[in-house]
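Student: This is the structure I have questions about; it appears just below.
FYI, it's all coordinate maths here, none of it is from the lab. Remember, it's a predicted structure, so these values are computed and weren't measured experimentally. As a convention, Cβ positions derive from the backbone with ideal geometry for all residues, glycine included, and neighbour counts pool all protein chains shown.
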């Protein structure tokens, strides 16, 4: 789990501005041909303000962008905060006035709040993991009874959509595949098809369900795999994949990289 609220929301939000500024911090002579200092300074002061309805000036646009970043950084805590008080604190600090709490008090409040949010996140994740495990087991029990679906001793389920004529990969092989990954509700979390780019990877470095499933496929095959959470990412959420999720893959084994053709 990522640490949460270890720095101020404003500092996090301004990170994008700092990175942007760093990327624009070119030394004389870099990029285009070096220009006279006076001309370069004049151009640096110009802002390329593009029209955005409701945000006419650069200042308004930058301010709105920072507000969006702050809001995104506070998404998980939105029910625990008061926007008017946040605005009051920002105005006080930016005006150089004395805040209502000192740094020690702010640190104590920050640490206590971070612990509270972390506890809520853990409780929510555990409840979600329990539900997903129950739903996944029910789904696999029903899915295993469908025509053409094979369940292995480990619990992996697969269906042969197209049977290839090539060799099967060994557990240590590097393979090239095309795939689409979804959850049991049909929500897609990844697809090499959308990127129009097959993926190569060594079988020992993927989740156990992939290792087992791909090893069953002759080159040229297309299989559908249903991977139980214990053979996938388990109870820890990974990116767009919730805890204890059954993973559903449509996979084409295109080649064994460096293997027999």
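Student: Mind ranking 189-196, 249-256, 76-83 by how tightly packed they are, going by the mean number of other C-beta atoms within 10 angstrom, highest first? Could you put the intermediate results ahead of the total?
Tutor: Working: 189-196: 13.0, 249-256: 20.5, 76-83: 10.6.
My ranking of the peptides, most packed first, is 249-256, 189-196, 76-83.
Student: Round to a whole angstrom and tell me the spacing of the C-alpha centers of region 121-138 and region 198-239.
Tutor: Their Cα centres are 22 Å away from one another.
Student: While we're on this one: Within region 220-234, which residues have the backbone N less than 14 Å from the label spot 7 Å out from residue 151 along Cα→beta-carbon, could you tell me?
Tutor: Residues 226-229 qualify, since their backbone N sits under 14 Å from the label point.
Student: Here's another thing I want to ask about it. At 7 Å along Cα-to-Cβ for each site, give me the label-to-label distance between residue 92 and residue 176 in nm.
Tutor: 6.3
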